[in-house]
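**Q** Input: one structure, supplied below.
The values are calculated or read from the model by the stated rules, or taken from the named source; none is laboratory data. For clarity, every value in this text was computed on a predicted model and none was experimentally measured. Here the Cβ positions follow ideal geometry from the backbone for every residue, glycine too, while neighbour counts run over all protein chains shown.
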Amino acid sequence: MYAFAYDKPATLADALQKIATGGQPLAGGQTLIASLKQRLAQPEMLVDLAGVADLAGIRREGSAIVIGAMTRHEAVAGSAEVQQAIPALAALAGGIGDRQVRAMGTLGGSVANNDPAADYPAAVLGLGATVHTSQRQIAADDFFQGMYATALEPGEIITAISFPIPAKAAYAKFRQPASRFALVGVFVAQTAAGVRVAITGAGNGVFRHPGLEAALAGSFSPEAVDGVAIDASELNSDLHASAEYRAQLIKVQTRRAVAQARG
Ligand SMILES: Cc1cc2nc3c(=O)[nH]c(=O)nc-3n(C[C@H](O)[C@H](O)[C@H](O)COP(=O)(O)OP(=O)(O)OC[C@H]3O[C@@H](n4cnc5c(N)ncnc54)[C@H](O)[C@@H]3O)c2cc1C
């Protein structure tokens with residue numbers, strides 16, 4: 001580690017002012033503290049968002065569930081509101097990392113970080129959610145821009161995410177057993193805008209699969225997945241799994257997610 005300033009503002013305005021002058025937002029520190037230790041990030045000031053009460057919380061707004069950026073994974077997993085409206089989202093949050101990670105990790109930190117194997121980006125994209133920031137609202141389809149890259153501009157922070165309540169949805173994650181991140185995770189949803197399928201862990205960032213979406217729009221059944229070809233040429237290959245293995249896992253996990261969503 002090295003010397004840096006630390007501040008914990010109580011208002012969003014104060015936090016934004018400090019971030020505008022070079023401070024880096026700190027959520028639960030689950031990624032950022034490790035990055036500081038490895039000197040992958042060297043901010044001069046950390047702006048702890050935990051003091052801004054308005055950034056945490058879960059509420060229903062019409063046909064959507066709105067979750068504050070600083071809401072911890074365990075709060076989403078344990079929320080009666082989320083469990084009732086979007087059980088797939090509560091289950092996804094409950095399957096992130098371990099107890100300690102869920103107690104500290106946040107929705108905003110996970111989505112801003114956009115780890116290519118993270119779970120929340122699959123739900124945000126799969127449900128066609130809207131990312132609310134300190135400056136604007138960004139549709140999920142425009143937000144994720146590849147490995148650790150998002151549409152956020154310097155000084156802009158996520159304040160909340162609005163998840164439309166789907167008719168049916170489920171998330172099927174095949175865990176990398178050591179890290180518990182997704183080797184492949186598939187989020188399927190029947191939404192007002194049609195069937196959406198978002199895949200994490202398999203490529204250089206979360207992505208939708210038009211072939212699976214078209215097949216499931218025709219018939220929302222596990223069998224509909226069988227005839228869909230998954231191109232392995234742009235998938236990750238590493239010591240954990242080859243691209244071909246990940247392609248096969250996408251089909252298996254999609255079938256499982258659809259079966260689960262149908263109940
Ligand atoms: C051991 C371990 C296992 C894990 N397993 C999983 C897993 O299975 N699945 C999974 O999805 N994730 C997993 N994670 C990641 C975890 O879920 C955290 O959400 C993630 O690390 C981000 O942490 P954080 O919310 O504490 O954000 P921080 O680490 O505090 O911040 C992360 C980044 O986001 C920025 N940031 C934070 N909040 C905001 C905001 N509101 N607006 C803009 N930028 C912001 C920070 O500046 C920083 O760059 C794991 C992490 C660990 C350490």
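**Q** Which of (1) surrounded by fewer than 23 Cβ atoms within 10 Å (Cβ to Cβ); (2) modelled with pLDDT of 95 or more; (3) not basic (Lys, Arg) is the odd one out, the single condition Leu40 does not satisfy?
**A** Status for Leu40: all satisfied but (2).
**Q** Considering the range 35-56 alone, what residues qualify as being among the hydrophobic types (A, V, I, L, M, F, W, C) and more than 9 Å from the ligand (Cβ to nearest atom)?
**A** Leu36, Leu40, Met45, Ala50, Val52, Ala53, Ala56, listed by residue number.
**Q** Something else now. Please find, within the range 162-179, the residue that is nearest to the ligand (Cβ to nearest atom) out of those that are more than 18 Å from Gly94 (Cα to Cα) and in a strand (DSSP E or B).
**A** Among them, the one singled out is Ser162.
**Q** Collect the residues in the range 49-65 that are loosely packed, with under 14 Cβ neighbours inside 10 Å and over 19 Å from Val82 (Cα atoms), keeping them in residue-number order.
**A** Scanning the range 49-65 gives a single hit, Ala53.
Here is a yes/no grid of residues against (1) under 22 Å from Ala189 (Cβ atoms); (2) among the β-branched types (Val, Ile, Thr); (3) under 13 Å from the mean Cα position of the chain (by Cα):
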position: Val82; (1), (2), (3): yes, yes, no
position: Asp98; (1), (2), (3): no, no, no
position: Asn114; (1), (2), (3): yes, no, yes
position: Ala118; (1), (2), (3): yes, no, yes
position: Ser134; (1), (2), (3): no, no, no
position: Ala140; (1), (2), (3): yes, no, yes
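**Q** Would you pick out the residues in the range 97-115 that are surrounded by 21 or more Cβ atoms within 10 Å (Cβ to Cβ) and more than 7 Å from the ligand (Cβ to nearest atom)?
**A** Within the range 97-115, Arg102, Leu107, Val111, Asn114 qualify.
**Q** Only residues that are aliphatic (A, V, I, L, M) and part of a helix (DSSP H, G or I): list them for the range 12-40, please.
**A** Correct list: Leu12, Ala13, Ala15, Leu16, Ile19, Ala20, Leu32, Ile33, Ala34, Leu36.
**Q** If you don't mind, there's one more thing I want to ask. Quick one: would you say Pro154 is surrounded by fewer than 17 Cβ atoms within 10 Å (Cβ to Cβ) and within 11 Å of the ligand (Cβ to nearest atom)?
**A** For Pro154, the condition - surrounded by fewer than 17 Cβ atoms within 10 Å (Cβ to Cβ) and within 11 Å of the ligand (Cβ to nearest atom) - is met.
**Q** Only one residue in Pro9, Pro43 is touching a residue at least 24 places away in the same chain (Cβ under 8 Å), in contact with a strand residue (DSSP E or B) (Cβ under 6 Å, 6 or more places away or on another chain) and not in a strand (DSSP E or B). Which one?
**A** Pro43
**Q** Are any of the residues in the range 17-34 on the phi > 0 side of the Ramachandran plot and more than 13 Å from the ligand (Cβ to nearest atom)?
**A** No: zero hits.
**Q** Give me a count of the residues in the range 235-249 that are in contact with a helix residue (DSSP H, G or I) (Cβ under 8 Å, 6 or more places away or on another chain) and under 30 Å from Ala151 (Cβ atoms).
**A** 7
**Q** Tally up the residues in the range 188-204 that are on the phi > 0 side of the Ramachandran plot and surrounded by fewer than 21 Cβ atoms within 10 Å (Cβ to Cβ), please.
**A** Number satisfying all stated conditions: 1.
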